[in-house]
Amino acid sequence: MQSSTATIQNTFAEDVIRGLSATPKFFSSKYFYDDEGSRLFQEIMKLPEYYLTKAEYEIFSTQTQKIYSIFVPDNAPFDLIELGSGDGTKTSLLVNFFLKHKAEFTYVPIDISGEALELLTEKFAAQFPNLSIQTEQGDYFRTLETFKTESNKRKIILFLGSNIGNFSQTQAQNFFNELRALMNADDVLFIGFDLQKNPRTILSAYDDAQGVTAAFNLNLLTRINREFGADFDPENFSHYASYHPIEGAARSFLISKKEQTVFIDALNKKFEFAMWEPIFMEISQKYNLSMIDNLAQASGFRVEKNLFDDKKFYTNSIWKPV
Ligand code: AVJ
């Protein structure tokens with residue numbers, strides 16, 4: 001426990017140094033989710049501009065039967081494995097339906113955050129007393145490896161919420177290749193992709209009127225202040241979001257409003273910012289259907305079915321190994 005926390009801290013420290021020493025400067029959005037960051041993300045999901053969660057929820061609530069018949073064509077027992085489970089709101093729709101139809105399965109949420117897993121377990125245990133649930137804290141791939149060798153049941157792997165969007169297309173390709181290597185012929189992969197749409201709709205989702213997304217980005221500076229004794233003044237940075245319609249990439253930046261020096265005590269390093277210098281904070285990649293097809297093919301899958309919300313803002317894509 002102690003040593004794994006230390007390892008995570010080291011990686012974070014190393015990433016902070018690497019990102020602030022680079023040109024252009026960057027941070028990894030995976031560090032957004034401390035307690036306050038997770039709370040702010042919950043707020044983001046409730047924003048009127050943030051259509052992603054609503055679209056995926058719509059798909060899960062209106063097409064549950066379709067999902068079920070693709071996942072469970074033969075009533076064979078399976079493991080329902082969720083990568084990065086979060087608060088489980090959408091998954092509970094599936095679990096509820098599966099239990100009602102007497103499906104035989106174990107729900108296996110995998111998450112980095114032990115606290116998130118505890119909350120999820122409490123919630124699901126109260127809501128579904130008959131559910132078999134096995135939580136796994138830590139690395140997705142390491143957990144899946146043990147499943148490949150130790151369980152002969154079908155694996156249905158969920159990767160929801162457009163979390164894939166935080167990967168560049170090359171990173172996404174590598175991610176699915178690794179995942180494929182840990183899957184058997186009968187397994188299923190179920191992924192949430194945010195689709196390309198009116199660029200203004202996308203931009204608003206990352207530039208909300210209440211400034212919650214700005215606070216979500218600025219919170220990483222506050223986290224670095226707290227954990228590494230840095231002296232970032234969040235007031236000296238402003239959030240800037242962009243959407244590039246050809247790449248399909250939404251990006252967030254924090255822009256230094258003035259020339260300034262930031263000192264990070266625990267790293268004993270100082271970093272200079274020029275006036276208007278950006279820090280690249282996050283990519284949220286948007287897909288179209290041919291990008292999804294290509295990605296599946298290039299990593300050893302075929303697209304079995306794409307499910308859409310009414311506005312076609314979002315798709316849950318069902319992949320099978322080839
Ligand atoms: C959790 C990665 C899906 O990119 O839409 C929300 C994170 N960042 N608003 C996204 C996020 C700014 C979100 N994902």
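The values are calculated or read from the model by the stated rules, or taken from the named source; none is laboratory data. If you're wondering where the values come from, they're calculated on a predicted model, not measured in any experiment. Cβ: placed from backbone, ideal geometry, glycine included. Neighbour counts: every protein chain shown. The area values use the complete protein model at the heavy-atom level, side chains included, leaving out ligands, DNA and RNA. Shrake-Rupley method; radii C 1.70, N 1.55, O 1.52, S 1.80 Å.
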Sequence-separation-based contact order of segment 192-295, relative, with Cα cut under 8 Å and 6+ spacing, percent: 27 percent
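Using DSSP to call loops (not H, G, I, E or B), can you name the trypsin sites (Lys or Arg not before Pro) in segment 239-283 whose Cβ has at most 14 other Cβ atoms within 10 angstrom? Spell out each step's value before the answer.
Details: sites: Arg251, Lys257, Lys258, Lys269, Lys270; in loops: Lys257, Lys258.
Passing both the DSSP loop test and the Cβ count: Lys258.
Based on the Cβ-Cβ distance of Gln210 and Ala22, what FRET efficiency does E = 1/(1 + (r/R0)^6) give at R0 = 41 Å, to the nearest 0.05? If you can, show how the numbers build up before the last one.
Numbers: r = 31 Å, r/R0 = 0.76.
Working from the Cβ atoms, E equals 0.85.
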Carbon/sulfur fraction of accessible area - the chain, other protein chains in place, 1.4 Å, %: 51 percent
Distance between modelled label sites at Glu272 and Ala76, nm, 7 Å Cα→Cβ extension: 6.3 nm
Near-label residues of segment 257-285 by backbone N, under 19 Å of a point 7 Å along Cα→Cβ of Asp231: 257-275
Acute angle (nearest 10 degrees) that the helix 169-181 long axis makes with the longest principal axis of the chain, alpha-carbon atoms: 40 degrees
Accessible-area value, Asp265, 1.4 Å probe, nucleic acids and ligands omitted, Å²: 100 Å²
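Any idea what the relative contact order of the chain is, in percent, if you count C-alpha pairs under 8 Å spaced at least 6 apart?
Numbers: 536 pairs, mean separation 65.8, N = 322.
The value is 20 percent.
Determine the gain in length on full extension of the stretch Glu43-Leu203; use 0.36 nm per residue of separation and subtract their C-alpha separation, reporting nm with one decimal. Walk me through the intermediate numbers first.
Working: separation 160, 0.36 × 160 = 57.60 nm, distance 1.74 nm.
Residue separation times 0.36 nm, minus the Cα-Cα distance, leaves 55.9 nm.
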Only Lys, Arg (+1) and Asp, Glu (-1) charged, at Cβ; the chain dipole about Cα centre in debye: 860 debye
Gain in span if fully extended, Lys258 to Lys54, counting 0.36 nm per residue against the direct Cα distance: 69.6 nm
Distance-filtered residues of segment 199-233 - backbone nitrogen under 20 Å, label point 7 angstrom along Asn288 Cα→Cβ: 199-204
Those GluC sites (Glu not before Pro) in segment 220-277 that DSSP places in a loop and that have at most 14 other beta carbons within 10 Å: Glu247, Glu259
Gap separating the Cα centres of segment 249-316 and segment 192-208, nearest whole Å: 12 Å
Trypsin sites (Lys or Arg not before Pro) restricted to segment 43-121 and DSSP loop, no more than 16 other C-beta within 10 Å: Lys102
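Taking the solvent-accessible surface of protein heavy atoms with a 1.4 Å probe, what is the per residue accessible area of the chain in Å²?
Details: 15370 Å² over 322 residues.
Computed with neighbouring chains in place, this is 48 Å² per residue.
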Computed label-point distance, nm, for sites Asn166 and Lys305 using a 7 Å Cα→Cβ extension: 2.9 nm
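Residues with beta-carbon under 13 Å from that of Tyr240, excluding Tyr240: net charge, scoring Lys, Arg +1 and Asp, Glu -1?
Here the charged neighbours net out to -1.
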Cα Rg, Dmax (largest Cα-Cα span) when computed across segment 187-322, Å: 19.3, 54
Calculated FRET efficiency for the pair Gln65/Ala185, C-beta based, R₀ 30 Å, to 0.05: 0.75
Spin-label zone in segment 126-166 - amide nitrogen under 18 Å from a point set 7 Å from the Cα of Ile112 along the C-beta vector: 136-144, 159-166
Neighbour net charge for Phe228 - beta-carbon separation under 11 angstrom, K R +1, D E -1: 0
DSSP-defined beta bridges in the chain - what % are antiparallel, rounded to 5: 60 percent
Semi-axes of the equivalent ellipsoid for the chain, Cα gyration tensor, largest first, Å: 35, 22, 18
Length released on extending from Thr222 to Lys100, taking residue separation times 0.36 nm less the Cα-Cα span: 39.4 nm
